[in-house]
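Peer 1: This is the structure I want to talk about, given as C-alpha cells.
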Amino acid sequence: MRFDDTTVFVTGGASGIGRESARRFAREGATVVAADIDADGAAETAEQIAESDVAGTAESVELDVTDADAVRDAVDATVEAHGLDVMVNNAGISHTSGPMEEVSLTDRDRVFGVNAMGVWNGCRAAIPHLKEQGSGNIVNTASLAGVIGQPWSSAYAFTKGGVAKFTRSIAGELGRYGVRANAVCPGFTDTPMVQGGLEDHEDPEAARESLESQYALKRIGEPEEIAGAITFLASDDASFVTGHELVVDGGYSAL
Ligand code: NAD
C-alpha cells in the first residue's frame, strides 16, 4: 500500500503500460486519474479498477496531451478535487518504420507533438502544484530507443532521447523543492503499440521470435513489468532516486 492517500495522474491511461500502471497504483491504494485521447479506453481502465475490489479508486478524463491548455485544465481539476502527488507522462506514439529521410514531416510532427510536447505539457501543468506542495514526483516514459537509439525509428528515438534528458534537467531544478523526476526507458513491451508493428510484418510470428531472440531473457516485456518500474520510481522506495533513466529491457542492452 505504497500509494495510500496519494493521487496519481497517468496519461496514456487507456492502454498498455499506462493502463497497467493505473491498475498497479490503484492496487496499492492510490486515487488514479487515467487520462487519454481515447476516452472509452480510459473509462474502461477506470471501470476495471472499480470492479477489481482494490483499495484505490479511479476516474477517467478525455485528454489530448498535445493541447497545453487542456492538460493544464485537467491537472488543475485533479488538484482541486483530490490534490496531486504523482504525474506520469506516459502517452506516446510511434511512426511507420523507415529511413530517416523518408519519414514524412506529418509523421515527424505528430510524434514530436505527442511524445515530446505532451511530456512538456504534463510537466508544465503539474510542476507548480508539486513545488508549492513541497513534495511529489514525476515519472516520464521515455524508451530504450532514447538511450541507445533505434534505427528506422528516428523521430521516435529523437523524442525519447529528449524526454530522458529533459527529465534529468527538471530533476535538477526540482530537487530543492522536495520533488523528484525520473524517466523509465522500456525495451520492447507487449502492448498494442508493438503488437501493431509486428502485425505489419509478412510473418508476424517470425518477426516476434526474431525480436525476442535479441533479449537476454529471450522475450519482450509485459506492460505489468514496466508498471512495476514506474510505481517503484514514484514510491518512497525510490526516495533518493531522481534524475535517473531507468532502463527496463530484459537485458537487450547487455547482449
Ligand atoms: P499503447 O499504444 O498501448 O498506449 C499508448 C496510449 O497513449 C494509448 O492509450 C493512446 O490512446 C494514448 N495516446 C496517444 N496519443 C495521445 C494523445 N495525443 N493524448 C493522450 N493520449 C494519447 O502503447 P504503450 O506501449 O503502452 O506505450 C506507452 C508509452 O511507453 C509510450 O510513451 C511509448 O512510447 C512507451 N514505450 C513503449 C514501448 C513498447 O515496446 N511498448 C517501449 C518503450 C517505450
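We did not get these values from a lab; they are worked out from the coordinates using the rules stated. Because the structure is a prediction, the values reported are computed rather than measured. All Cβ positions, even for glycine, are placed from backbone atoms using ideal geometry, and neighbour counts span all protein chains on display.
Peer 1: Would you mind checking the tilt of helix 154-174 against the longest principal axis of the Cα atoms of the chain, expressed as 0 to 90 degrees and rounded to 10?
Peer 2: Its long axis makes an angle of about 30 degrees.
Peer 1: Tilt of helix 118-133 relative to the longest C-alpha principal axis of the chain, in degrees (0 to 90, nearest 10)?
Peer 2: It is inclined by approximately 30 degrees.
Peer 1: Mean separation of Cα pairs under 8 Å and 6+ residues apart, divided by the residue count of the chain: what relative contact order is that in percent?
Peer 2: On the way: 569 pairs, mean separation 46.6, N = 255.
For the chain, the relative contact order is 18 percent.
Peer 1: For the chain, just run the numbers: alpha carbon Rg, then divide by 2.2 N^0.38 Å, N being how many residues it has.
Peer 2: Normalised Rg, Cα atoms only: 0.96.
Peer 1: Can you list residues from other chains, or at least 5 along the same chain, whose modelled amide H is less than 5 Å from the amide H of residue 58?
Peer 2: HN-HN under 5 Å from residue 58: 32.
Peer 1: Also, quick follow-up: Which longest uninterrupted range of the chain lacks any chymotrypsin sites (Phe, Trp or Tyr not before Pro) assigned by DSSP to a loop state (not H, G, I, E or B) and surrounded by at most 16 other Cβ atoms within 10 Å?
Peer 2: 1-151
Peer 1: Residues with beta-carbon under 9 Å from that of residue 174, excluding residue 174: net charge, scoring Lys, Arg +1 and Asp, Glu -1?
Peer 2: Net charge around residue 174: +2.
Peer 1: Between region 157-214 and region 215-255, what's the alpha-carbon centroid distance in Å?
Peer 2: Cα centroid of region 157-214 versus Cα centroid of region 215-255: 10 Å apart.
Peer 1: Report, to the nearest 10°, how far helix 223-234 tilts away from the longest principal axis of the Cα atoms in the chain, using its own Cα long axis and a range of 0 to 90°.
Peer 2: Approximately 40 degrees, to the nearest 10.
Peer 1: Quick one: 3J(HN,Hα) in Hz for region 183-191, Karplus 6.51/-1.76/1.60 with θ = phi - 60°, rounded, Gly and Pro as x.
Peer 2: Calculated HN-Hα couplings, in order: 10, 9, 10, x, x, 4, 10, 6, 10 Hz.
Peer 1: Could you check the spin-label model distance between residue 96 and residue 57? Points 7 Å from the Cα along Cα→Cβ, value in nm.
Peer 2: 4.6
Peer 1: Given the -39500 (n - 2.57) contribution per DSSP H run of 4+ residues, what per-residue ellipticity at 222 nm results for the chain, rounded to the nearest 500 deg cm²/dmol?
Peer 2: -14500 deg cm²/dmol
Peer 1: With springs only between Cα atoms under 10 Å apart, run a GNM on the chain and tell me which of 220, 148, 17 wobbles the most.
Peer 2: 148
Peer 1: Within 15 Å, Cβ to Cβ, of residue 147, how many net charges do the neighbouring residues add up to if Lys/Arg are +1 and Asp/Glu are -1?
Peer 2: On the way: positive: 160, 165, 168; negative: 245, 249.
Net local charge, residue 147 excluded: +1.
Peer 1: Now, a different point. Using a Gaussian network model on the chain with a 10 Å cutoff between Cα atoms, which of 91, 50, 157 fluctuates the most?
Peer 2: Taking springs between Cα atoms under 10 Å, the residue moving most is 50.
Peer 1: What length, rounded to one decimal in nm, is gained on full extension from residue 177 through to residue 202, with 0.36 nm per residue of separation minus their alpha-carbon distance?
Peer 2: On the way: separation 25, 0.36 × 25 = 9.00 nm, distance 5.18 nm.
Stretched fully, the residue 177-residue 202 segment lengthens by 3.8 nm.
Peer 1: Which whole-Hz ³J(HN,Hα) couplings does region 106-116 yield from phi under the Karplus relation 6.51 cos²θ - 1.76 cosθ + 1.60, θ = phi - 60°, glycine and proline marked x?
Peer 2: 5, 4, 4, 5, 4, 5, 4, x, 7, 6, 9
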